[in-house]
Amino acid sequence: MRENTIYLEKEFEEKYTYTGKDLGCNYSKERVYFRVYAPTAESVILNLYKDGLEGEAFEQKEMKKDQQGTYVAELTGDFHGVYYTYTAEISGKKQESVDPYARAVGANGKRGMIVDLSLTNPEGFTTEKRPQKVHPVDAVLYELHVRDFSMDDSSGMDYQGKFLAFTQEKTINEDGLYTGVAHLKELGVTHVHILPAFDYGSVDETKLHIPQYNWGYDPMNYNVPEGSYSTDPFHGEVRIREFKKMVQALHKQGICVVMDVVYNHVFDAELFCYQKLVPDYFFRKDENDQFTDASACGNETASNHLMVRKYMVDSLCYWAEEYHIDGFRFDLMAVHDITTMNEIRKALNEIDEDILLYGEGWTADDSPLPKEERALKKYTYRMPGIASFSDDLRDAIKGSVFEEEEKGFVSGEPGLEDMIKFGVTGAVGHSSLFQLKNSKEETVVPWAKEPSQCVNYTSCHDNYTLWDKLVISNPECDKEEIKEMNKLAAAIVFTSQGIPFLHAGEELLRSKPDKTMEYGYRDNSYNSSDEINSIKWSTKKENLDMFRYYQGLIAFRKSNSALRLRSKEQIEEAIIFRDKEPGLVAYEIKTKEEELFVIYNGSNRERQITLPAGEFEVYINKDKAGTTALSKESGQVTVAKVSAMVLKKCV
């Protein structure tokens, strides 16, 4: 496979790479200025509409060809609330398109809207106090779908399925237990990772009275919030204001906001705006002129094309500045090239060096982009300030996500001790780990330069929830035994070096039962019903012990800097692994401030462990976790089957 190189020719890039910062619609009350990139067009027309969805253009204006492949036009007067599109003629064919840089759109994103963004700011938004910035390893990430958060009737929230549900501070379920944002604050997370919330294509915003659902990994307009999450998708300014209210409300609670961004593919390549304005430039194609498909969604974007790279950088900077976004998670990050990812980091550093960046260090299929240029997990060390998900630790803990019945360390699978240790180091490695191999006998080498480049997790929106995976792979076990595995899995994540991440509802034993599926649970619920996807807040009471356990793990992690080491050198110096035993991982963490002793028992029997010299206090065991000592121990301790124990040396 090779890429169609017509747009990679040096002459084209030199002649048609626009470097200005005024692409799109530039509004003021006195005039509106438009600039669009369309280097292969013979002409471009600006169309003006009174409505965002229906009716004919009330005015059309021919745009003037300008520098580096752009066309410009200007209108005199205040046009806030007027809708617009571009019609480009290329090789005699005319196609109408929304502006790739549109900041507001009408229903279903067919037309851009000229917007006075100052009118979309909630009171106090421009001067809001954003949460205190933390080092990446101090973060606790909570991955959440906007609609799932509030759709279940047990949520106690108004504005079900909307951005505004996040603005309600003290919602409770029928048992009087916190739900919503109050639950997040009670749990102790620092960052809410919102699944795609820019304008996507799979939900018809004109028919919201009909149940519709999608995760949103099908982008249409990258610089506009999704209309179905607003109270009014027909007026372009509403979704902007309500998205900002969501961010402001989370910030008020001390919670940062991360956006899940999907720049690797689009909803429909042929209908995508840039495909109509610059055919085939935005995407990679093969020698047969077919879209390549590293995203497994029918197309893949060409980040290595300079104007695509610029588009990504401009878009991310816009979200960071206009919406006060605190971080970005990249879907299928390895579809993008390393140079682009580093350019993104550089540009965002100029806005705020503390903006968090992380992504999936893999593709879904092959790509014409050379492997050594891809932002793969194994090249994370070449992308300073960018983290990758550790599927190494994920699969070691619970078994491969691609093998439903495969067990992991927490369910007694032997031979995974070294992979757990690798996860403990935040993927930077350790001198005691030699010739490391995973369960498939594949060689594993350190891929993170610093622990802040490693995101540790057991589950996310993809594949089965943690609970469902454990149930499927351990059919011989009862609920209490599965809960033991779940607690051990969580304990490993929150006591490992790196950045901890959890899927929303994991702390409530979130499950997605579906009798139509082979194993009785839905693994890929991207377009399933609310009944399957929504968070069931009514389950909090029956799973309160699990919630308290996660809450305690988070609190203990925050209060002990030894679990949040900043560098590979610190990890090498501080962590001392005990000799390997089947089903057991034990290690010391010694720093100037504190000394911890951590034990993971994945076996189905109690283990007697000899402690280092001195007296220790237990803070985490099979039942409880937190910042209150549970007991004092010295000499030897008994670690329950399928459990973790974390002790801190008495001063």
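Read the figures in this text as sums done on the coordinates, not as results from a lab. As the structure is a prediction and not an experimental result, all values here were calculated from the model. All Cβ positions, glycine included, derive from the backbone under ideal geometry; neighbour counts span all protein chains shown.
Structure summary
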| item | result |
| --- | --- |
| Peptides 396-403, 498-505 ordered by average Cβ neighbours within 10 Å, highest first | 498-505, 396-403 |
| Candidates per GluC sites (Glu not before Pro) in the range 1-80, loop by DSSP, up to 12 other Cβ within 10 Å | 9, 30, 54, 56 |
| Angle in degrees between helix 479-495 and the longest Cα principal axis of the chain, rounded to the nearest 10 | 70 |
| Pairs from 129/540; 50/276; 398/437 whose Cα-Cα separation, in the structure shown, is over 21 Å | 129/540; 50/276 |
| Within the range 318-380, GluC sites (Glu not before Pro) in DSSP loop having at most 12 other beta-carbon neighbours inside 10 Å | 350, 353 |
| Computed [θ] at 222 nm, helices only, for the chain once each DSSP H run of length n ≥ 4 contributes -39500 (n - 2.57) | -6500 deg cm²/dmol |
| Cleavage-rule hits (GluC sites (Glu not before Pro)) in the range 545-651: DSSP loop, at most 10 neighbouring Cβ within 10 angstrom | 593 |
| Summed side-chain charge close to residue 83 - residues other than residue 83 whose Cβ falls under 11 Å, Lys, Arg +1, Asp, Glu -1 | 0 |
| Fewest-first sequence of 307, 333 by Cβ atoms within 10 Å of each Cβ | 307, 333 |
| Length-normalised contact order of the chain in % [C-alpha pairs under 8 Å, at least 6 apart] | 11 |
| Cα centroid separation, the range 344-418 to the range 187-238 (Å) | 26 |
| Cα-derived Rg over Rh, computed across the range 186-334 with Rh taken as Kirkwood radius | 0.99 |
| Cross-link table 65/244; 449/558; 185/536, entries beyond 26 Å C-alpha to C-alpha | 65/244 |
| Percent RCO, i.e. relative contact order, over the range 372-488, from Cα pairs under 8 Å lying at least 6 residues apart | 31 |
